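The values are calculated or read from the model by the stated rules, or taken from the named source; none is laboratory data. Note that this is a predicted model, so its numbers are computed, not measured. Methodologically, a virtual Cβ is constructed for each residue, glycine included, from the backbone with ideal geometry; neighbour enumeration extends over all protein chains shown.
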Amino acid sequence: MSDEVKEALPKVLIVDDSRMVRASIVRHLRDRFQVREEVDGEAGWEALVIDPEIQLVITDIGMPRLDGYGLLERIRSSKLSRVHDLPVVVISGEEDRESREKAYKLGANDFITKGIGATELLARIESLSRLAQTSRELEQSRAALAAQSPVDPTTGLATGAYLNWHAEQEMALVKRRGGDGRGAKTEISTMVVEIDHYDQLVQWHGQHVAQLVTRKLSKILATKVRKEDTVAQLAPDQFAVLSPSTDLVGCCAFALRLQRAIENLVMTYRDERIRISVTAGVACSSVDDVQTVSQLIGLAVQRAEQGRAAGGNKVVADQGEVGREFVERVFRQAVSIDHALLQLKAGATDEVIERLPEVLATLLPLLELIESRIHCGLPLDVLGQHASAAAAETYDPRRTSI
């Protein structure tokens, strides 16, 4: 066989600490496949990371340093799609039902015994290889289609490319309105949602179940966002939500509602009850004073990672973890004017006077705008002094401890 023909064959990685077993498998496969051999799971993993030509893995179970189960877990937990999608065949010296079930649960594509005949071994390996090749071609077609489409056909969410493009448009709009001299307040917020303990989810329930969980989360996100929001999946365990015309508190409030909904969600797969939690990182263009979308999303990612490192099930913004009490307090301040008007209409003047500094602090930006347009002589300095009594309670995202 010429070197050119040999290089065109699919490459199989054989991981087994027995030289005789490896030699036997190589003898059966060498006319149909390129073969790479490694002596234990750790060496096999290193080969997978550095060799992108490997298209199928055959691994023994009992090996030093890292056994076959450990190698399989790493493969199915990998965030490199070319690695975690690889077909994996587990070989065993004995027909052991418990070992077979464990291998399949961890994501093995096939389980064979070392005494299998050459014809059957070759047929099963070739079948998996063809299936893997078809899957790669479909994935390449899907990726090409996704690059041209705003929607990822596998999730129904926006593609990462569309999210970035749309976010750049929104950021440009924020910058234009911020400098138009009309006092228009426009901002954009981003939330990055990550599934807590995702690697454990894969380890305990398998890659297939983990994918079902991420699909469920994507559907929940899609149903809870506004029509002007954009949701995209950035990684198997990571989603981003772009929210135009939304301040930091509004985005945090949405993150907390989502977090609560996920906490209460119980998923069932083959009689197994599965519960997850999520951590959200939140960033806002006006609060974080960023100039590009990549910086905004990057901040949200960092904050989500910070929350996961602290144990997960958290919402993290510019000054740390956000609690429901903080958001509720800010929202109470936001509706204080409407509440004050209702109290006045009901004749409860004393109650309004008691909260007058708080109401005035909320009204002051509007009064400043009115004075700048009408020049009616409003005593803004005096009003500002009276409003200062509420300054400690007035929301200022740049200085308020969350």
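Okay, here's what the table says:
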| quantity | calculated |
| --- | --- |
| Filtered residues of segment 88-122 (kept if surrounded by fewer than 12 Cβ atoms within 10 Å (Cβ to Cβ) and not acidic (D, E)) | R97, G115, G117, T119 |
| Within segment 265-289, tally of residues that are within 19 Å of the chain's Cα centre (by Cα) and farther than 18 Å from H205 by Cα | 6 |
| Which listed residue is assigned by TED's automatic domain parsing to the domain that holds S189, of a type in the set (A, V, I, L, M) and either crowded, with 17+ Cβ neighbours inside 10 Å or in contact with a Gly (Cβ under 9 Å, 6 or more places away or on another chain) (or both), from V266, V287 | V287 |
| Selection within segment 278-301 - at pLDDT 95 or above and not hydrophobic (A, V, I, L, M, F, W, C) | T279, G281 |
| Helices (runs of 4 or more DSSP H) contained in segment 3-116 and holding at least 3 residues out of contact with any helix residue (DSSP H, G or I) (no Cβ under 8 Å at 6 or more places or on another chain), in contact (Cβ under 8 Å) with a residue 60 or more places away in the chain and within 27 Å of W204 (Cβ to Cβ) | none |
| Qualifying residue in segment 254-274 (condition: out of contact with any Leu (no Cβ under 7 Å at 6 or more places or on another chain), closer than 19 Å to V151 by Cα, in contact (Cβ under 8 Å) with a residue 24 or more places away in the chain and assigned to a helix (DSSP H, G or I)) | no |
| Test result for R308, at pLDDT 85 or above and surrounded by fewer than 16 Cβ atoms within 10 Å (Cβ to Cβ) | no |
